Structures are given as structure tokens and as C-alpha cells.
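Remarks on the structure that follows.
The values are calculated or read from the model by the stated rules, or taken from the named source; none is laboratory data. This is a predicted model, so every value here is computed, not measured. Using ideal geometry, Cβ is built from the backbone for each residue, glycine included, and neighbour counts are taken over all protein chains shown.
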Amino acid sequence: MIGKVYGIPPQPPVADRTRRVPAGAVTFGVEYRALDPESLRATYADNPEHLAELEARSPDGGFTDEGVSLHVWGTEDGHEYLRFDVFADEPHYHYVHNTGAGGETVNNVIDFDAVAYGDMLPWALERLRTRLPAMLREAGGSAVAAAVDPEVVARAVGEVERLAVAVRSS
């Protein structure tokens, strides 16, 4: 695996700040997120192992960043397979591997090179349009990938783009 691998899941989205866009086999989410050390600690406070990993892997002062997050859930299973964090300081994306019932979390975080690729938002939207099945398979979502309808996804990604641009500029 490339990138950083964590044994803790990404911080869950805030439901009332996340707009969901159905797209057949997948459901997209658009959320504006502001990360800070306190909210991250609170997220993992009930799981000593996750909290210990967060503390051990956090930079000095903790993780602080903000921006648009694009979530990709399997519609049937509700698992978040992919997340694109289009953040101001450290943009990155996640493969949140589906290891099966009772499996441990494998959260693969890959830094985005804004110098080489420019603004991450157009890049992420293009991945949703053109690479979604391959990325779902990489995250352990082969059944979801097989059920993806490119035409349904293309229509939904248009709405995701509209929402992401609006959230980002507000």
C-alpha cells in the first residue's frame, strides 16, 4: 500500500452538515469539515487503542485543517470506501478498506500533490467520473464496483460538483 496506513477509521462525517447524493450502487456525500485536535480526540475517546494511535501519529499540536470532503459509501452496506479531503493545507484521500464483518480497520491515507496536480477538487471529481470502480475495488468494494452504473454516477457527480463548489465558496 502506498501512503500512510492507520488502524483507526477516519473521523465520521457530521450528518447535519453532509449532503448525500444517491448514485445507484454508491451514495456520495459532500461536507465542509474543520479538523482540530479536540474534535479528533473526542471522536476516539471511547476507544483507547484508536486514541493511542491518534496521539502517537499526530504531528506536534495535532491535526488542524479544513475544506470540502467528498465521501463515497456503498448504498447497500453503508460502508465508506473512499474519501477525498480537499483541505487547504494537506489535501489527501482515503481508501477505507472493507475487511468484512468484525475485521480491523485499514485506513489508507494518500497525500495529494497540489504542486504537480493543481487544485484537488477537479482531480477528485474526475476520479469519481473515470476511476470509481477501480478505486472501490482497491478499497475492498468489488461487489459495489461491479454494480456501478457509469451513467447514473456521471449525473450524480454533476450534483456533487455543484454542492462542493457552493460549500467551498461559502
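Out of region 52-67, which residues are touching a Ser or Thr at 6+ places or on another chain (Cβ under 9 Å) and either hydroxyl-bearing (Ser, Thr, Tyr) or more than 30 Å from Arg168 (Cα to Cα) (or both)? Matches in region 52-67: none. Looking at region 122-130, can you tell me whether even one residue there is under 23 Å from Glu31 (Cβ atoms), in a loop (DSSP other than H, G, I, E, B) and touching a residue at least 24 places away in the same chain (Cβ under 8 Å)? No, every residue in region 122-130 fails to be under 23 Å from Glu31 (Cβ atoms), in a loop (DSSP other than H, G, I, E, B) and touching a residue at least 24 places away in the same chain (Cβ under 8 Å). Selection of region 2-39 for residues being at pLDDT below 95, buried (at least 16 other Cβ atoms within 10 Å of the Cβ) and closer than 23 Å to Ala139 by Cα yields Tyr6, Ile8, Pro9, Pro10, Gln11. Take the residues in region 96-121 that are crowded, with 17+ Cβ neighbours inside 10 Å and touching a residue at least 60 places away in the same chain (Cβ under 8 Å); name whichever of them is nearest to Phe28 (Cα to Cα). Per the stated criteria, the residue is Val96. Of all residues in region 28-44, exactly one satisfies the criterion of being part of a strand (DSSP E or B) and acidic (Asp, Glu), namely Glu31. Just a yes or no: is a residue in region 83-93 modelled with pLDDT under 95, under 21 Å from Pro133 (Cα atoms) and among the hydrophobic types (A, V, I, L, M, F, W, C)? No, that holds for no residue. Just to be sure, is Asp65 in contact with an Asp or Glu (Cβ under 9 Å, 6 or more places away or on another chain), surrounded by fewer than 18 Cβ atoms within 10 Å (Cβ to Cβ) and of a type in the set (Asp, Glu)? Against the criterion (in contact with an Asp or Glu (Cβ under 9 Å, 6 or more places away or on another chain), surrounded by fewer than 18 Cβ atoms within 10 Å (Cβ to Cβ) and of a type in the set (Asp, Glu)), Asp65 qualifies. For Glu90, the stated conditions do not hold, so it cannot be described as acidic (Asp, Glu), farther than 25 Å from Lys4 by Cα and in a loop (DSSP other than H, G, I, E, B).
Yes/no per residue for (1) aromatic (Phe, Trp, Tyr); (2) in contact with a Leu (Cβ under 6 Å, 6 or more places away or on another chain); (3) farther than 21 Å from Arg17 by Cβ:
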{"position": "Asn98", "(1), (2), (3)": "no, no, yes"}
{"position": "Asn108", "(1), (2), (3)": "no, no, yes"}
{"position": "Gly118", "(1), (2), (3)": "no, no, yes"}
{"position": "Trp123", "(1), (2), (3)": "yes, no, yes"}
{"position": "Leu132", "(1), (2), (3)": "no, no, yes"}
{"position": "Val165", "(1), (2), (3)": "no, no, no"}
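Remark: pairs (first residue in region 141-169, among the acidic types (Asp, Glu); second residue part of a helix (DSSP H, G or I) and at pLDDT 95 or above; Cβ separation under 8 Å; 6+ apart in sequence or on different chains) = Glu161/Leu125. The residues in region 53-81 that are more than 19 Å from Thr43 (Cα to Cα), of a type in the set (A, V, I, L, M, F, W, C) and either in a loop (DSSP other than H, G, I, E, B) or free of Cβ contacts under 8 Å to residues at least 60 places away in the same chain (or both) can be counted, and the count is 1.
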